[in-house]
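The values are calculated or read from the model by the stated rules, or taken from the named source; none is laboratory data. Keep in mind that what you see is a predicted model, and the values were worked out from it rather than measured. Quick reminder, even Gly has a Cβ in these numbers, built from the backbone with ideal geometry, and neighbours come from all protein chains shown. Quick note on the areas: whole protein, heavy atoms, side chains included, nothing else; ligands and nucleic acids left out. Shrake-Rupley method; radii C 1.70, N 1.55, O 1.52, S 1.80 Å.
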Amino acid sequence: MTLLTVKDLTKIFGGLIAVNDVSFDVAKDSVVGLIGPNGAGKTTVFNCITGNYRPEQGVIEFKGADITGMAPNRIVKMGVARTFQSIRLFPRMSALENVLAGRHCRLKSGFLACMLHTPAQRREEKAAIERCMDELEFVGLSHLYADMGGALAYGQQRLLEIARALASDPELLILDEPAGGMNDQETAGLVELISRIRERGVTILLIEHDMRLVMKVCQKLIALEHGALIAQGDAETVRNNPDVITAYLGVDDEKW
Amino acid sequence: MKRRVFSIVLAGVICVLPLFCNPYWTDVCVSVGLFALLSLSLNVMLGQAGIFNMGHAAFFAVGAYAAAILNTVCQWPIFLTMIPAGIAAGVFALAVARPIIHLRGDYLLVVTIGIVEIVRIALINDVFGLTGGANGIFNISRPSLFGVKIYKGWQFYYLVWGVTAVSMLLFYGLWRSRFGRALNCIKEDDIAAEGCGINVVGYKLAAFSLGAFWAGMAGAIYASKMVTIAPESFNFSESVLLFAAVILSGGSQLGVLCSVFLFFGLPEVLREFSDARMLIFGLAMMAMMIWRPQGLLPPLPRRYRVAAAAGDGKK
Ligand SMILES: Nc1ncnc2c1ncn2[C@@H]1O[C@H](COP(=O)(O)OP(=O)(O)OP(=O)(O)O)[C@@H](O)[C@H]1O
Ligand SMILES: [Mg+2]
């Protein structure tokens with residue numbers, strides 16, 4: 001079953017065609033990697049899916065519903081959560097509150113209930129705190145729940161962003177370079193974390209430059225260059241695709 | 001801990017203050033109380049959500065005029081006009097904020113300055129034939145509570161500070177909830193807030209209208225205390241002072257109270273030094289900016305009761 005469909009997506013910045021007529025599907029319960037050299041337009045594709053950018057052309061469907069150009073917060077509520085390439089935590093809020101922010105869209109207490117702390121509001125708040133502590137536990141940060149987001153180490157901040165995204169009960173999790181800035185040990189932990197997220201029934205779409213990680217976790221790959229799709233299919237085939245190899249050559253052949 | 005002791009002492013002082021004040025000083029304290037109410041309501045949008053509103057006096061004015069008109073034209077008792085005055089201010093705020101709320105801080109600030117001026121000029125020009133033009137509205141009646149007419153300084157003092165205290169409790173509740181957290185997230189990083197599912201525009205509008213609602217209620221109390229209101233009481237400089245007081249407070253309610261005393265109480269104390277007082281005031285502001293750029297008392301982190309079992313977790 002397809003969870004996400006991207007059809008003929010085009011995004012233009014001024015004169016620059018950042019994404020050019022890109023189409024792909026993400027099947028439910030899969031891990032799909034979006035790869036390509038720097039500036040290929042990967043993050044722009046993500047921003048179109050999450051509603052941060054409105055594409056010039058194309059349709060994005062999630063669970064059969066057209067979500068093109070919908071407000072980002074509504075897309076999150078539909079079940080698409082994301083992390084950012086340049087970490088965007090709330091630096092002066094605690095780790096727990098960062099995760100609670102992700103939980104926000106699933107809470108219902110209205111404004112009066114919040115002001116008066118009605119019993120229902122208290123119950124909901126208590127359950128939300130428990131749930132968010134579980135998410136922190138899940139990514140291995142529960143001991144740091146009271147630390148400020150901005151005070152965490154870089155790798156921990158990436159994990160916290162994942163916990164925040166998971167707290168919104170996503171069906172599709174979009175990770176933009178989750179291993180960026182992580183050391184080898186942290187990256188190994190991330191591989192394991194991604195498979196545990198998969199086991200929870202969350203579908204994952206990720207951008208990653210670290211090909212070892214990509215080959216370990218992704219079943220399917222989509223390769224972009226200069227905004228255009230150059231290959232897609234199962235991971236092994238795309239990796240050995242001559243166009244993909246040329247696109248990457250000279251950029252960073254170390255990682256191959 | 002230190003803060004708790006300080007708040008209790010401050011609350012105690014506020015409770016007994018009128019016993020030691022002559023009518024003049026009681027009156028000053030009533031004004032300080034009204035400014036406290038206004039600053040606390042501005043704190044919801046400016047301090048919590050980072051919405052740069054430099055036009056808070058506009059909503060204060062809308063509330064005061066709504067109460068005055070309901071009272072003088074429709075003969076409503078002042079206490080009954082408080083909620084409609086708040087609603088009038090809140091709805092007005094919602095209407096003007098809707099098209100501009102997405103603006104970045106500094107742009108929004110300029111537009112809100114415009115709003116105060118528009119309101120003031122509209123009032124002077126007697127736009128609806130109801131506002132009495134430059135002279136304003138006279139003979140607003142005093143409030144009465146359980147048959148007791150409130151007109152003495154100390155009565156107003158306890159009315160204003162009582163309303164302020166209740167407001168602080170309600171705002172505290174808001175701060176300690178998903179609503180307060182959402183506002184803080186928006187202040188920290190609105191793109192991240194939107195990206196993790198918070199309806200940024202919705203919450204900004206809610207904070208804006210809520211703050212305006214409270215300013216409108218403060219306006220109703222003000223109208224009944226002054227008996228006469230005129231456009232000149234709601235000018236730009238008031239808005240700037242409120243803005244500065246909230247920025248300097250650091251964002252906690254205790255901080256807001258302190259900075260309100262500094263901004264609106266201290267100038268009265270320094271009145272004897274007439275010419276020098278603005279100088280002292282200015283120097284104090286500069287000193288603050290150098291040594292306490294985070295503001296007087298930033299809010300302490302919220303505490304959460306977390307299951308002890310969470311323990312160390314995995315490393
Ligand atoms: N908001 C924007 N305004 C203008 N140009 C943009 C904007 N965002 C991205 N671009 C341009 O679009 C192109 C694609 O950028 P994008 O960030 O999607 O690349 P990427 O594949 O994510 O690269 P990287 O691997 O470096 O993250 C780049 O040339 C970039 O400069
Ligand atoms: Mg990118």
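Against the test of being more than 16 Å from ligand 2 (Cβ to nearest atom) and at the interface with chain B (Cβ under 10 Å from one of its Cβ atoms), the options A:Arg82, A:Arg92 yield a single qualifying residue, A:Arg92.
Would you check if there is a residue in segment A:45-58 being in contact with a Ser or Thr (Cβ under 8 Å, 6 or more places away or on another chain), of a type in the set (Ser, Thr, Tyr) and away from ligand 2 (no atom under 16 Å from the Cβ)? Checked against the condition, which is being in contact with a Ser or Thr (Cβ under 8 Å, 6 or more places away or on another chain), of a type in the set (Ser, Thr, Tyr) and away from ligand 2 (no atom under 16 Å from the Cβ), segment A:45-58 yields no hits at all.
This table checks each residue for (1) modelled with pLDDT under 95; (2) away from ligand 1 (no atom under 16 Å from the Cβ); (3) not in a strand (DSSP E or B).
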{"residue": "A:Thr5", "(1), (2), (3)": "no, yes, no"}
{"residue": "A:Phe24", "(1), (2), (3)": "no, no, no"}
{"residue": "A:Val32", "(1), (2), (3)": "no, no, no"}
{"residue": "A:Thr43", "(1), (2), (3)": "no, no, yes"}
{"residue": "A:Gly58", "(1), (2), (3)": "no, no, no"}
{"residue": "A:Val76", "(1), (2), (3)": "no, yes, yes"}
{"residue": "A:Leu96", "(1), (2), (3)": "no, yes, yes"}
{"residue": "A:Val99", "(1), (2), (3)": "no, yes, yes"}
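Which residue is farthest from ligand 1 (Cβ to nearest atom), if the candidates are limited to segment A:78-94 and must be part of a loop (DSSP other than H, G, I, E, B) and open to solvent by less than 10 Å² (accessible area, probe 1.4 Å)? Checked segment A:78-94; the qualifying residue farthest from ligand 1 (Cβ to nearest atom) is A:Met93. Here A:Ile129 fulfils each of the conditions (1) within 9 Å of chain B (Cβ to nearest Cβ); (2) in contact with a Lys or Arg (Cβ under 9 Å, 6 or more places away or on another chain); (3) open to solvent by 40 Å² or more (accessible area, probe 1.4 Å); (4) among the hydrophobic types (A, V, I, L, M, F, W, C) apart from (3).
Note on segment B:265-306: residues that are within 26 Å of B:Cys185 (Cβ to Cβ) and in contact with a helix residue (DSSP H, G or I) (Cβ under 9 Å, 6 or more places away or on another chain) amount to 12.
Condition check for B:Phe261 on (1) open to solvent by less than 60 Å² (accessible area, probe 1.4 Å); (2) touching a residue at least 60 places away in the same chain (Cβ under 8 Å): one failure, at (1). Counting only helices (runs of 4 or more DSSP H) that sit completely within segment A:172-256, those holding 3 or more residues that are touching a residue at least 24 places away in the same chain (Cβ under 8 Å), under 22 Å from A:Ser86 (Cβ atoms) and in the same structural domain as A:Gly15 (by TED's automatic domain parsing) correspond to A:184-199, A:211-217. Where helices (runs of 4 or more DSSP H) sit wholly within segment B:1-103, those with at least 1 residues that are in contact (Cβ under 8 Å) with a residue 12 or more places away in the chain, open to solvent by 40 Å² or more (accessible area, probe 1.4 Å) and closer than 16 Å to B:Ala206 by Cβ occupy B:78-97.
Each row is one residue, and each column tells you yes or no for (1) open to solvent by 20 Å² or more (accessible area, probe 1.4 Å); (2) touching a helix residue (DSSP H, G or I) at 6+ places or on another chain (Cβ under 6 Å); (3) within 14 Å of another protein chain (Cβ to nearest Cβ); (4) not aromatic (Phe, Trp, Tyr).
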site	(1), (2), (3), (4)
A:Phe24	no, no, no, no
A:Leu34	no, yes, no, yes
A:Glu56	yes, no, no, yes
A:Val59	yes, no, no, yes
A:Met70	yes, no, yes, yes
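Within segment B:116-162, restricting attention to residues that are of a type in the set (Ser, Thr, Tyr) and within 22 Å of the chain's Cα centre (by Cα), which residue is farthest from B:Phe236 (Cα to Cα)? Here the answer is B:Tyr158.
Going by the conditions given, is A:Gly233 within 14 Å of another protein chain (Cβ to nearest Cβ), more than 16 Å from ligand 1 (Cβ to nearest atom) and open to solvent by less than 50 Å² (accessible area, probe 1.4 Å)? In short, no.
Within segment B:180-200, is even one residue open to solvent by 10 Å² or more (accessible area, probe 1.4 Å) and more than 11 Å from chain A (Cβ to nearest Cβ)? Scanning segment B:180-200, I find no residue that is open to solvent by 10 Å² or more (accessible area, probe 1.4 Å) and more than 11 Å from chain A (Cβ to nearest Cβ), so the answer is no. Scanning segment A:171-190 for residues that are more than 19 Å from A:Thr50 (Cβ to Cβ), away from ligand 2 (no atom under 16 Å from the Cβ) and open to solvent by 30 Å² or more (accessible area, probe 1.4 Å) yields A:Asn183, A:Asp184, A:Gln185, A:Glu186, A:Ala188, A:Gly189. Applying the criterion of at least 1 residues that are modelled with pLDDT under 85 and in contact with a helix residue (DSSP H, G or I) (Cβ under 7 Å, 6 or more places away or on another chain) to the helices (runs of 4 or more DSSP H) found wholly in segment B:115-232 leaves B:153-175.
Among the conditions (1) away from ligand 2 (no atom under 16 Å from the Cβ); (2) modelled with pLDDT of 95 or more; (3) within 24 Å of A:Leu136 (Cα to Cα), the only one that A:Asp66 does not satisfy is (3).
Okay, residues lined up against (1) out of contact with any Leu (no Cβ under 9 Å at 6 or more places or on another chain); (2) at pLDDT below 95:
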{"site": "B:Leu37", "(1), (2)": "yes, no"}
{"site": "B:Met45", "(1), (2)": "no, yes"}
{"site": "B:Asn53", "(1), (2)": "no, yes"}
{"site": "B:Leu70", "(1), (2)": "no, yes"}
{"site": "B:Leu80", "(1), (2)": "no, yes"}
{"site": "B:Pro84", "(1), (2)": "no, no"}
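Here A:His104 meets each of (1) buried (at least 22 other Cβ atoms within 10 Å of the Cβ); (2) within 9 Å of chain B (Cβ to nearest Cβ); (3) within 17 Å of the chain's Cα centre (by Cα) with one exception, condition (3).
Looking at segment A:117-124, is at least one residue without any contact (Cβ under 8 Å) to a residue 60 or more places away in the chain and among the polar types (S, T, N, Q)? The answer is yes, given that some residue of segment A:117-124 is without any contact (Cβ under 8 Å) to a residue 60 or more places away in the chain and among the polar types (S, T, N, Q).
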